[in-house]
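The values are calculated or read from the model by the stated rules, or taken from the named source; none is laboratory data. Not measured: the values here are computed from a predicted model. With ideal geometry, Cβ positions are generated from the backbone for all residues, glycine too; neighbour counts draw on all protein chains shown. All accessible areas refer to the heavy atoms of the entire protein, side chains included, with ligands and DNA or RNA removed. Shrake-Rupley method; radii C 1.70, N 1.55, O 1.52, S 1.80 Å.
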Amino acid sequence: MILPIWARALSATLLVQTMSSFAAAALPLLGPVLTQRWSMAPEGIGYVSAVLAIGICWYLACGGPMLRHVGPVRSLQLGLAIVAIGLLLLAMPFQMAGLTGALMIGLGLGPNTPAGSQILMLTAPAPHRSLIFSIKQAGVPLGGAIAGILVADMVLGFGFFGAIATMAAAMLVSALLVQPFQKQLDADRSLDRRWPRMFVSLSSFAWSIRILGRHRHLPMLTAIGVSFSTVQSCVTAFTATYLVTQHGKTLAEAGLLMAALLATSTLARVAFGWLADRLDRGLLLLAVLAICTSATVVAMVTVGLAEPWLAYACMVAVGATSLGWNGVHMAELARIAPMDHIGEVTSAASLCGFIGAVGGPVVFAAAVSVTGSFEWAFVLFAAQLALFGAFTLWRELTLPRG
């Protein structure tokens, strides 16, 4: 049976999103090992995560011409290949090689948002768009959950370098698996031979910011995305290290707890996508989720994680809220963007979000160094999201729609 085009598009984007997210999630899970190999303090993994986010920002700012030139599916395939190279560099016992690898992993992750949004916006049925976007975005926590289950065992079974090499090989195999979709889904690409020059041009960055003025709701959507991104980046970057260093969990125990967090967020993204389609109020739903996220993060660091059932309950609550918002956000951005600029708008909004993702772990690490407490750092980031969510909720309930 031949699948409809939207199902083929969703299959290709979901596979790439899941596998690249698996690689990205391995980095913070390996944080205790990596920082030890590089003679860094445990909170130093935040700086590595920031370098990865810089790579994503670079692609989002300057990768538009490349996306138009090679097409969205080919962009996703090239991204997976770059992630594989970055993983191999990450395995080197030298800090600069590892940071370079993190940068390349970020560059490889960059095409997922604009290329995936372009493919799905052109193929997804309008009444189910938020749900389809959310299923694709569910690949992010799904890949992370798989990493949480497998990474520790891979390191024990294959050794550190063997585990990294296996992950790199999986990226390349995944790139080959989406090749059957490439011809049809890349049919509308335009040859833009300026893309190598534009990839290192500051004018590309300026265009990425200006395009957010194309609709009056884009700045607000972008801003709440930045606020969410700072919390999400800190939760994913520091929770495993927090569990190991502050609560005495083993790497395997922390991996399973992170797997619970990420698996829950996978289901939550799909559920919130379905709810957004029913409510037709994406920004209102995001505001409510912001307030709920703040409450669950504060609960995680205040109620205690000594009891296994309590630790898993906290991970489930934090995962559902702090990582469940992204599909609704992407669908809302694509919905209000001009049809011929969907890739640019989602790139620009995601760029701003990843700037928050760069700054978030850096500020978090600094806050831990100053206060000596992971708990106060988590509360700081939860508070800014709560304030922003409250403002957005007030704005959505008091101002007319349109």
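A few remarks follow.
- Count of segment 249-291 residues which are under 21 Å from Ile224 (Cβ atoms) and open to solvent by 60 Å² or more (accessible area, probe 1.4 Å): 6
Rundown of residues vs (1) in contact with a helix residue (DSSP H, G or I) (Cβ under 7 Å, 6 or more places away or on another chain); (2) in contact (Cβ under 8 Å) with a residue 24 or more places away in the chain; (3) assigned to a helix (DSSP H, G or I), yes/no style:
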{"position": "Ser350", "(1), (2), (3)": "yes, yes, yes"}
{"position": "Gly356", "(1), (2), (3)": "yes, yes, yes"}
{"position": "Ala367", "(1), (2), (3)": "yes, no, yes"}
{"position": "Gln384", "(1), (2), (3)": "yes, yes, yes"}
{"position": "Leu387", "(1), (2), (3)": "no, no, yes"}
{"position": "Glu396", "(1), (2), (3)": "yes, yes, yes"}
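- When the criteria are applied in full, Pro65 meets the requirement of being in a helix (DSSP H, G or I), in contact (Cβ under 8 Å) with a residue 40 or more places away in the chain and in contact with a Pro (Cβ under 9 Å, 6 or more places away or on another chain).
- Residues in segment 108-125 include at least one that is open to solvent by less than 10 Å² (accessible area, probe 1.4 Å), modelled with pLDDT of 85 or more and either on the phi > 0 side of the Ramachandran plot or not in a helix (DSSP H, G or I) (or both).
- Filter result for Ala306 (closer than 20 Å to Thr239 by Cβ and part of a loop (DSSP other than H, G, I, E, B)): yes
- Segment 36-46 - residue that is assigned to a helix (DSSP H, G or I) and surrounded by fewer than 20 Cβ atoms within 10 Å (Cβ to Cβ) and, of those, nearest to the chain's Cα centre (by Cα): Gly44
- Scanning segment 300-323 for residues that are small (Gly, Ala, Ser) and under 23 Å from the mean Cα position of the chain (by Cα) turns up Ala313, Ala317, Gly319, Ala320, Ser322.
- The listed residues are Gly98, Gly71, Gly31, Gly86, and the only one of them that is of a type outside the set (S, T, N, Q), more than 19 Å from Gly148 (Cβ to Cβ) and surrounded by 24 or more Cβ atoms within 10 Å (Cβ to Cβ) turns out to be Gly86.
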